[in-house]
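Peer 1: Here you go, one structure.
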Amino acid sequence: MHSANWDDLRFVLAVVDGGSAKAAAAALDVDHTTVLRRVSALEKHYGVKLFDRDQSGYRPTPTCHAIVEIARSVSHSVAEIEQEILGRHRRLEGRVKLTTTDTIYLCGLEDMIAEFGTLHPDIVVETHVTNAKLDIARYAADIAVRPSRAPPQWLTGRRITGLSFALYGATTEFAKIDDPLTEQCAWVGLGEALAGSPAHGWISDNVQPERIVLRADSFALVPAMLLSGRRLGIMPCCMGDCRDGLMRIGPVRREMDTFIWVLTAQGHQSPQRVRTLCDFLARALRRRKATMEGRP
């Protein structure tokens, strides 16, 4: 790809991250026809097929996956150059208010915010952790890092990575198990604060109410509930896979898959400090993509 420039790769990367030309156009602030034209021109120029197009969106081909790995490396380098320029020529300071869920906070966001603070000591990140329904206005937040299959239309941002779920139980209790749904054991259910999550819906559809003996309004409480007895429960893989004493039972439950987004208010020009934090979190979360998606 000797004549490809960063702008060409940027369009391909945006379609992969967004899953569609429309999402890529929103992320790049261009018309979706521009995205289609640039991707088609790149495919024609190199004689390769980058995407399989169907009703669900754009699915990257193996060739595209190889190019995307290079594109992410370029994106990271470009971001570092921009960050160096900003650091030298513009002092970033002030307060940024961020809202997120306990799952994302405990699965690495806390460390990311600490790292950002080291790079930008004059920016104060005020974090509000809640599983309540996403409402940036309610929390007076500048940024929302939240799981969602389709965020509200009044928010704009980037879909960063998938968030996968699986069934978990205590290692000592479930070392040998064939079908967890036929086991006559207790379950940990999810409370109203998590009513909008795919995991809550899955439990409602698959577990008899009388088998639910405990309910949690936070995924952070589920591990302790599972470890204290012969109980089964659903957890995000990024939490369950790293908890001592717990084991994943069966495969990732793809019907519960959702996505992690970095969002800001639609139609609002964010200050540079907010955009800088958004870019930093997007890069940092992508580096944890395998963990978030329950892959080794």
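Peer 1: Tally Lys/Arg at +1 and Asp/Glu at -1 over every other residue whose Cβ is under 14 Å from the Cβ of VAL222; what's the total?
Peer 2: +1
Peer 1: A further question follows. Excluding ligands and nucleic acids, what accessible area in Å² is computed for LEU119 using a 1.4 Å probe, to the nearest 10?
Peer 2: 100
Peer 1: Right, next: Rounded to the nearest percent, how much of the accessible area of the chain (1.4 Å probe, protein heavy atoms only) is carbon and sulfur?
Peer 2: The computed percentage sits at 51.
Peer 1: Could you tally the net charge around ARG37, taking each other residue with its Cβ under 12 Å from the Cβ of ARG37, Lys/Arg +1 and Asp/Glu -1?
Peer 2: In short, -1.
Peer 1: Here is a follow-up. Tell me the per residue accessible area of the chain using a 1.4 Å probe; a whole number in Å² is fine.
Peer 2: 52
Peer 1: Once the whole set of protein chains is in place, how much accessible area is left on ARG248, using a 1.4 Å probe, in Å² to the nearest 10?
Peer 2: Answer for ARG248: close to 80 Å² accessible.
Peer 1: Can you show me the helix-derived [θ] at 222 nm for the chain, built from DSSP H runs with n ≥ 4 at -39,500 (n - 2.57) apiece and divided by the number of residues, rounded to the nearest 500.
Peer 2: Rounded to the nearest 500, it is -11500 deg cm²/dmol.
Peer 1: With a Förster radius of 25 Å, plug the Cβ-Cβ distance of ASP122 and SER77 into 1/(1 + (r/R0)^6) and report the FRET value to the nearest 0.05.
Peer 2: 0.50
Peer 1: With all protein chains present, calculate the accessible area of THR172 using a 1.4 Å probe and round the result to the nearest 10 Å².
Peer 2: Surface open to solvent at THR172 totals about 130 Å².
Peer 1: If you project the alpha carbons of the stretch 229-296 onto the principal axes, what extent comes out on each, in Å, largest first?
Peer 2: Answer, in whole Å and largest first: 51, 21, 20 Å.
Peer 1: The chain: percent of C-alpha pairs farther apart than 37 Å?
Peer 2: 22
Peer 1: Follow-up. Report for the chain the percent antiparallel among DSSP-assigned beta bridges with both residues inside it, nearest 5.
Peer 2: In the chain, approximately 60 percent of DSSP beta bridges are antiparallel ones.
Peer 1: I've got another one for you. 7 Å from Cα along Cα→Cβ at both ARG243 and ALA114: what's the point-to-point distance in nm?
Peer 2: 2.1
Peer 1: Rank these by accessible area, largest first, 1.4 Å probe: THR118, THR156, THR33.
Peer 2: THR118, THR33, THR156
Peer 1: Using a Gaussian network model on the chain with a 10 Å cutoff between Cα atoms, which of LYS44, LYS97, LYS22 fluctuates the most?
Peer 2: Looking only at LYS44, LYS97, LYS22, the largest GNM fluctuation is found for LYS44.
The values are calculated or read from the model by the stated rules, or taken from the named source; none is laboratory data. Nothing here was measured: the structure is a model prediction, and the numbers come from that model. Ideal geometry is used to build each Cβ from the backbone, glycine not excepted, and the neighbour counts take in all protein chains shown. Quick note on the areas: whole protein, heavy atoms, side chains included, nothing else; ligands and nucleic acids left out. Shrake-Rupley method; radii C 1.70, N 1.55, O 1.52, S 1.80 Å.
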